[in-house]
Amino acid sequence: MDCIFCQIVDGKIPADIVYQDEDVIVFRDINPVAPTHLLIIPKKHISSLAHLPDAEIPLIGHMVKIANQLAREGGVAESGYRLVINSGEQGGQLVPHLHMHLLSGRRLSDAIG
């Protein structure tokens, strides 16, 4: 599979991993847009939020739980952070593997788009 995130999950491509469990892996974005910029991805390949099977909906809750945990551990929970899931090309998704961005460490723009 050519999916770069699947290759990270398989250990074929190195990443600065900050957390992993049986369902997700979290690593630092190589092109951060904020001082804290983590990517939370499922280990199982799901191409986008639009392709999330109903049976996998609890996975999104788990990803949010891990994001909250990492925000607390990273000292950014109180000052604030943003969670972003882009879906599809026009939604800004660059890698066709479901992922959530955790952004913090500076005042983020009020603009959504």
More than 24 Å from residue 10 (Cα to Cα), more than 12 Å from the chain's Cα centre (by Cα) and surrounded by 15 or more Cβ atoms within 10 Å (Cβ to Cβ): is that true of residue 111 in this structure? no
Selected residue (criterion: farthest from the chain's Cα centre (by Cα)) from residues of region 49-71 that are farther than 11 Å from residue 24 by Cβ and among the charged types (D, E, K, R): 54
What number of residues in region 48-60 are aliphatic (A, V, I, L, M) and surrounded by 15 or more Cβ atoms within 10 Å (Cβ to Cβ)? 4
Restricting the search to region 5-47, which residues are surrounded by 15 or more Cβ atoms within 10 Å (Cβ to Cβ), among the aliphatic types (A, V, I, L, M) and either under 12 Å from the mean Cα position of the chain (by Cα) or under 21 Å from residue 72 (Cβ atoms) (or both)? 18, 24, 25, 26, 34, 38, 39, 40, 41
Residue ID - nearest to residue 101 (Cα to Cα), chosen from residues in region 18-35 that are outside any loop (DSSP other than H, G, I, E, B) and among the aliphatic types (A, V, I, L, M): 26
Being over 17 Å from residue 61 (Cα atoms) and without any contact (Cβ under 8 Å) to a residue 24 or more places away in the chain is the filter here; which residues of region 20-40 pass it? 27, 28, 30, 31, 32
Quick one: how many residues across region 36-78 are of a type outside the set (S, T, N, Q), out of contact with any strand residue (DSSP E or B) (no Cβ under 7 Å at 6 or more places or on another chain), assigned to a loop (DSSP other than H, G, I, E, B) and closer than 22 Å to residue 3 by Cβ? 5
Does residue 74 fit the bill of being in contact (Cβ under 8 Å) with a residue 40 or more places away in the chain and either surrounded by fewer than 17 Cβ atoms within 10 Å (Cβ to Cβ) or out of contact with any Asp or Glu (no Cβ under 6 Å at 6 or more places or on another chain) (or both)? no
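A short reminder: the numbers here are calculations on the coordinates, not readings from a lab. Since the model is a prediction, treat every value here as computed from it, not as a measurement. Reconstructed Cβ throughout: ideal geometry from the backbone, glycine too, with neighbour counts over all protein chains shown.
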